[in-house]
Structure formats: C-alpha cells, structure tokens
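Notes follow once the structure below has been shown.
What follows is calculated from the coordinates using simple rules that are stated; it is not laboratory data. Note that the coordinates shown come from a computational prediction; the quantities given were computed from them, not determined experimentally. Neighbour counts are summed over all protein chains in view; Cβ atoms, including those assigned to glycine, are modelled from backbone coordinates with ideal geometry.
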Amino acid sequence: MFPTRGWIGVTVALACVAPHAAADAAPRGEEIYSRCLACHALAYDRVGPRHCGLFGRRAGSVPGFDYSDAMRKSGIVWDAATLDRFLAAPTQVVPGTTMGYAGIPDPAERAALIAWLRDASRSAKSCPQPQ
Amino acid sequence: MKIAHPSLLIVPSRRRFLYGSATLSAAAVAMLAGRPSLAAAPDARKGDPAADARILNTALAAEHEAIAAYQVGADSGLLRAPTRELALQFQGHHKAHVDLLAQTVTKLGGTPVEKKQKYSFPTGDLKAEADVLRFASGLERGAVSAYLGAVPLFGNPDLAKAAASILGDEAMHWAVLRQALGENPVPSAFVS
C-alpha cells in the first residue's frame, strides 16, 4: 500500500496556495512539464502513459498501457498529494517502476508542475477525448 | 517565427557518419565514444544490474520513439533539404544510442525493449517546417531531462557516464533545433 504519512500536510499546503500564486505558477509548471516530454504527452500514450484524466485515476490503470507490476500494484490514486510524493523520488516511492528518473527535489517546482497538470490534464483543448 | 536558412544547417559529416555506423560494430562505437568498459561488458558486480537494465530499457524505448519521430519529420514533405538532412543525422545518432543501449541491457541480463509497431505523434499539428522543428526540439529537450534524471540512479558509474555522454548529444540536438527556430540555442547555464 502506498504510504500516506505527510500527505495531509502537503494537501493543506497546496490548498492554501492563493489563486494569484497558482496563476503565476502556471507558466512555470508548463516549463517544468517540458522535462517530461521525452516519455509523456497529455493526450496519448508514449513511453509513459498519457496524463489526460490523471487526477483521480488509479495508478497503472490506463487501458492498453504496459505498466510495470510495481506501478500496477502500487495502490496509488493520483492527486496533488500522491503526485507530490511520487515526483520527489519516483523509484523510491514505487521501487521497480520503469520511470527511471531521480525526481524533482524542489517542492516549489513540484507544486507548480502539479498545479499546471491539474488544469492541463482535464482541459478540453489538450484532452478532447473522454478519459 | 524566424527559421534559420537551410544553408545554416549544413551537415558536412553526415555521409561520413552513415559510413561509420554501417561499418562499425556497436562495441567499436562505444570504444570510439570513450566507453570501453561498456564495449567490453558492464561490471555486473556494480550496483543492481536489474535496476540499471530497467533504467536503460526506458531510455531505449524513448530512443526507439525518437527514431520514429524523426522519420515522421523526414517524410513530412515540410522540411527543406538541408533541414531534412539534419533530421536524418540526428536520427542516426538515436540509432547509435539504440544499438548501444540494447547491447548493454543484454549484457546486464535484461531483455532489450523492442520498437513499437506504431507510435502516436501529433501529426495533425505539423503544418510547416517550424512545427516539425518545434516538435523535435521538445522531444530532445525532454530527452536531456530524462537522461539527467537517470544519471544519479545508476548503481554502476560506467553506465552513468555513458548516459551522460548521450545526454550531451541530445543537448546538442536541442541547441541546434532551437537555433534553427530562431530561439536562443543555449538559454541557460544549466539544464534541468
């Protein structure tokens, strides 16, 4: 089971971000997302699964995507808190994941990325197909 | 958007590169690239070979996709001849990466991931040469970050060195593509 310690604090911290701060974070979040573009896209599967429909989705559940057993069995449901924890150190949080990436150590960068992803992953423009 | 004139994208070494990749083994390529330890065999006693192979296989999958992406660009009919030649040169680099990564995964006891039968690309968005260049630039920028994120994870430092070598190549691709798009080719002192 995915560990839960510390999520509540992270969730509260993200929820307390002022609206104007979130708006400021959007361009930064998109810029940080460009680091993901070797493997990910919003609307379609690549080396990694698509991100459209990410929030609220169980990890390892995009139909047709070939996940690692580790990710399929992780028990994670993606939200701001689980993403924050995973993105900090993917291979430590889900040992055996094929996402061979050390992570984003800066909490502010993770927060900006997650804020941008939350909007982009459900945007009608980026995600025209029902997820 | 200002696009560099094709004459600025001259690729004098392409013919030589193709000749080399056709006649040299991947091991020799590794030797020439300064990675003799990989050419011989990665030391399975270092680190966790299974974990290292998993990281390399993810990189291998991305390299397969990059080869396919450059083929889409080359076949798009949108690229002027020198730009197309540049795309094919970069594609050749990715093919060399695939050869080396696949051999190394095998030597680590893993099974190299095969290329997919079909890839999804935003072909509907590619309507001009700049669109193709921007698409390629995004992939190369992502590749730089992916290798940067992989380097500290390797248990075997020889593999970290090899990944860093590929990172340098991807960064050069990204810089040239940015230059071609009229953007600052090296926008910062560090990559992330």
Exercise. Quick one: check the C-alpha center-to-center distance for the range A:77-104 versus the range B:98-163, whole angstrom.
Key: 19
Practice problem: Let me know the shape class of the range B:120-185, please: from the alpha-carbon gyration tensor, a ≥ b ≥ c as square roots of the eigenvalues, rounded when a/c is under 1.5, otherwise prolate if a/b is greater than b/c, or oblate. | Solution: prolate
Exercise. Amide H neighbours of A:Val77 under 5 Å, at least 5 residues apart or on other chains, H built in the peptide plane: list them.
Key: A:Ala59
Exercise. Could you list the chymotrypsin sites (Phe, Trp or Tyr not before Pro) in the range B:81-190 that lie in coil according to DSSP, counting only those with at most 14 other Cβ atoms within 10 Å of their Cβ?
Key: B:Phe190
Self-check item: Cleavage-rule hits (trypsin sites (Lys or Arg not before Pro)) in the range A:38-131: DSSP loop, at most 10 neighbouring Cβ within 10 angstrom
Solution: A:Lys125
Quiz item: So what J values fall out for the range B:147-154 if you push phi through Karplus, 6.51 cos²θ - 1.76 cosθ + 1.60 with θ = phi - 60°, rounded to Hz, Gly and Pro as x?
Solution: 5, 4, x, 8, 3, x, 8, 5
Practice problem: Please identify every one of the GluC sites (Glu not before Pro) in the range B:53-131 that sits in a loop by DSSP and has no more than 11 other beta carbons within 10 Å of its own beta carbon. | Solution: B:Glu114
Quiz item: With θ set to phi - 60° and the Karplus curve 6.51 cos²θ - 1.76 cosθ + 1.60, what are the ³J(HN,Hα) couplings of the range B:173-179 in order, to the nearest whole Hz, using x for Gly and Pro?
Solution: 4, 4, 5, 5, 5, 5, 4
Practice problem: Let me have the relative contact order for the range B:136-192, percent, based on Cα pairs under 8 Å that are six or more residues apart. | Solution: 40
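Can you pick out the pairs among B:Lys95/B:Lys118; A:Lys73/B:Lys107; B:Lys95/B:Lys116; B:Lys107/B:Lys161 whose Cα atoms lie more than 26 Å from each other?
Distance filter (> 26 Å) returns A:Lys73/B:Lys107.
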Quiz item: Once phi is turned into ³J(HN,Hα) by the Karplus curve 6.51 cos²θ - 1.76 cosθ + 1.60 with θ = phi - 60°, what whole-Hz value does each residue of the range A:110-121 show in order, with x for glycine and proline?
Solution: 5, 4, 5, 5, 5, 4, 5, 4, 4, 7, 5, 6
